[in-house]
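A short worksheet on the structure shown next.
The values are calculated or read from the model by the stated rules, or taken from the named source; none is laboratory data. As the structure is a prediction and not an experimental result, all values here were calculated from the model. Note that we place each Cβ from the backbone using ideal geometry, even for glycine, and neighbour counts take in every protein chain shown. Side chains are part of the model used for accessible areas, which takes the heavy atoms of the whole protein and leaves out ligands, DNA and RNA. Shrake-Rupley method; radii C 1.70, N 1.55, O 1.52, S 1.80 Å.
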Amino acid sequence: MASQLKFVLPLSILTISLLYICNADSCSSHTFSDNRVYSSCTDLPHLGAALHYNQSSSGNSIDIAFRAPQSSSGWVAWGLNPKGSSMVGSQVLVAFFHSNGSLVAYPTQLDSYSPSMAPGDLTFPVSLLSAEYVKKEMIIYATLGLPDAKTKYNHVWQAGSTVTGDVPGVHPTSGENVLSKGTVDFQ
């Protein structure tokens, strides 16, 4: 009996995991408003997020759509860290609902583990920055000038549950929130 239980438990966990993976909304099947289409995408490994992108024909810029599940009272962010692999030094795009009811998106630099989250310029160009809230997902759209004319970058993404005084609150400092970083190759 004990040996049967040892076999059944791992098999049950595997079955549940496979069901979850098969039922997940893959980035490749996602459709965007305004007939936006992205040639590449990746389901990010944490926070249920995905990154969609098109590289310009010149290779100097990238159109992105970052999406993550979020309540209307929270915030999401995605960005590049041209110089390191952690949150500090990242240059991000953040989106949340402003107290006036509008969905806002702006760039900011994460210069410490307690950044101001105030709007600011990045060291690379950002244009066509906007956001939308669809089916309990926040989506950030932008065109980025690629820093240093590279294609491979460290990137970070994040989600937090509160916005106070029109400033995103601190995100959880454990679990998936501290693991939400990696590399992306826009090639």
Count, please, the residues in region 151-164 that happen to be in contact (Cβ under 8 Å) with a residue 24 or more places away in the chain and either of a type in the set (S, T, N, Q) or assigned to a loop (DSSP other than H, G, I, E, B) (or both). 5
Checked pairs for region 42-54, first within 18 Å of Gly160 (Cβ to Cβ) and surrounded by fewer than 22 Cβ atoms within 10 Å (Cβ to Cβ), second polar (S, T, N, Q) and at pLDDT below 90, C-beta under 6 Å and 6 or more apart or across chains, list as His46/Ser180; Leu47/Ser180
Listed by first then second residue, the pairs whose first member lies in region 166-180 and is open to solvent by 80 Å² or more (accessible area, probe 1.4 Å), whose partner is in a loop (DSSP other than H, G, I, E, B) and not β-branched (Val, Ile, Thr), with beta carbons under 6 Å and at least 6 positions apart or on separate chains, are Glu176/His46; Glu176/Leu47; Leu179/His46
Per the filter on region 91-115, residues under 22 Å from Gly145 (Cβ atoms), open to solvent by 40 Å² or more (accessible area, probe 1.4 Å) and not in a strand (DSSP E or B) are Asp111
Sole exception among (1) farther than 22 Å from Ser102 by Cβ; (2) hydrophobic (A, V, I, L, M, F, W, C); (3) in contact with a Gly (Cβ under 9 Å, 6 or more places away or on another chain); (4) at pLDDT 85 or above for Val126, by number: (1)
Out of Pro125, Pro119, report the one residue that is open to solvent by 20 Å² or more (accessible area, probe 1.4 Å), touching a strand residue (DSSP E or B) at 6+ places or on another chain (Cβ under 8 Å) and within 12 Å of Ala95 (Cα to Cα). Pro119
Please find, within region 41-58, the residue that is modelled with the lowest pLDDT out of those that are of a type in the set (Ser, Thr, Tyr) and assigned to a strand (DSSP E or B). Thr42
Checked region 38-79 for anything over 17 Å from Ala149 (Cα atoms) and of a type in the set (Gly, Ala, Ser); matches are Ser39, Ser40, Gly48, Ala49, Ala50, Ala65, Ala68, Ser71, Ser72, Ser73, Gly74, Ala77
Unmet requirement for Gly89, which otherwise passes all of (1) among the small types (Gly, Ala, Ser); (2) over 27 Å from Arg36 (Cα atoms); (3) modelled with pLDDT of 95 or more: (3)
If you take the residues of region 137-161 that are of a type in the set (Gly, Ala, Ser) and touching a Phe, Trp or Tyr at 6+ places or on another chain (Cβ under 9 Å), which of them is surrounded by the most Cβ atoms within 10 Å (Cβ to Cβ)? Ala159
Hits in region 59-79 (condition: more than 17 Å from Tyr106 (Cβ to Cβ), open to solvent by less than 30 Å² (accessible area, probe 1.4 Å) and part of a loop (DSSP other than H, G, I, E, B)): Gly59
The listed residue being in contact with a Lys or Arg (Cβ under 9 Å, 6 or more places away or on another chain), hydrophobic (A, V, I, L, M, F, W, C) and open to solvent by 40 Å² or more (accessible area, probe 1.4 Å), out of Val134, Val88: Val134
